[in-house]
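So the structure is just underneath, and the comments pick up after that.
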Amino acid sequence: METQYGIITAKRSEYELRDLLVVPHKNKGLVVSHPAFGSNYFSINISEMKKDYSHPQTGKEINFKAPTTSESVSAAAYDFGNLAKPQIFDPRWLQLGYIVRTSEGVFANPPKGAQGNPITDENVLKVFLTSDRKVNGIYLLDNDFGFAPYETFRQGTQDCDSFCEGGLARILEHIENKTAEKLREISSPKFYKKGVNVFNFDKSKEPALRVASLYSDRDFGRNRLDVDGDGWFGDNNGYAFGVCEDA
C-alpha cells in the first residue's frame, strides 16, 4: 500500500497526546513527532521523547528516540514553507543532531560507546574511515554516521548550491549524491534570498561534541539560512523532531 505522507492527528489517548508527521526518507516513510519537541536544550528534548505517548489513531503506547541529522533534514524538508520554516526556523532553530568537530574534519551522528554516550575520541572515530566507505570525497557509514574533511566544504556566506554540494551538507543529509537535495530544498532562494551562512565548524585541537542547528537569520529578515556547528547561546530554545520507534 502506498505510504500516505502528512500529519496524523490524535483522536484518543491513554497516555499523553502527540500528533505524528509522516515524511519521505530514504525511499520509505519516516514517522516523527508533530510538533517537534521543544523549545529547550537538546538533552532535555531527548528526555521528553523518552516519555510514554499514545499513537493518535490506535491509542497504543509509542515512544520516540533522538533523530539523526539525516532524519531531522527529511522531517524539516517536508512542506518546509508551511511547516518547519514558520514553526521552527523563523522563531527559533532546529537541532539536527550530534556532530564532533575534530582536527581534520567533522563527524556527524557518531556511534555510541558502552555507556550510551556519543564517542568523541578522534582516533577511535577515524578507525571507521576505510576506503570502501568513501563516496565523492566524504565517508558514509552505517546508522547515518559520516565524516567530511574540512577541505570538502567551506564556511561563511555562500549560495545554496555551494552549500549543498559541500561535504558538510552531504554528511548531514547522509547522501551519496554530489548534492544534498533535501537541504537544497530547505536552503532554496525561494525561502532564503540572501543565501546560506555556515559557521562554528572550525578545526578543533581537542574533539568537540556539539549539536548542529539550522535557523533563519533574524538579522537578515529571515532571508538567510544559518548553519551553526556550535548551537546558539546554549541552544536552550531549540526544537528537535523525535523519531517514532513503534511506527
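Every number here is computed from the coordinates shown, using simple stated rules; none is lab data. It should be emphasised that the depicted structure is a prediction, and the values quoted were computed from it without experimental measurement. FYI the Cβ positions are ideal-geometry reconstructions off the backbone, even for glycines, and counts take in every protein chain you see.
Here is how the numbers come out for the structure above:
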read-out	value
For region 162-186 and region 44-117, distance of Cα centres in Å	18
Trypsin sites (Lys or Arg not before Pro) within region 7-76, DSSP loop, no more than 15 other Cβ atoms inside 10 Å	Lys11, Arg12, Lys26, Lys50, Lys51, Lys60
Length gained when the stretch Glu16-Asp142 is fully extended (0.36 nm per residue, less Cα-Cα span)	42.1 nm
Semi-axes of the equivalent ellipsoid for region 6-244, Cα gyration tensor, largest first, Å	28, 21, 16
Considering only the chain, percent of DSSP beta bridges that pair antiparallel, nearest 5	85
Potential extension, Gln4-Lys190 segment - 0.36 nm per residue separation minus Cα distance	64.4 nm
Contact order normalised by residue count of the chain, Cα under 8 Å, 6+ apart, percent	26
Within straight-line cross-link reach of Lys28, aspartates and glutamates at Cα separation under 19 Å, skipping those fewer than 8 residues along the same chain	Glu2, Glu71, Asp79, Asp142, Asp144, Glu173, Glu176, Glu181, Glu185, Glu245, Asp246
Model label zone, Thr130; criterion: amide N under 13 Å from point 7 Å along Cα-to-beta-carbon; scope region 173-189	none
For region 48-111, size of Cβ-based charge dipole, Lys and Arg +1, Asp and Glu -1, in debye	100
Unit charges on C-beta of K, R, D, E only; dipole of the chain, Debye	280
The chain, helix-only ellipticity at 222 nm - DSSP H runs n ≥ 4, -39,500 (n - 2.57), divided by all residues, nearest 500	-4000 deg cm²/dmol
Whole-Å semi-axes of region 114-204's equivalent ellipsoid (Cα gyration tensor)	26, 14, 12
Centre separation in Å (Cα based) which lies between region 17-34 and region 206-230	24
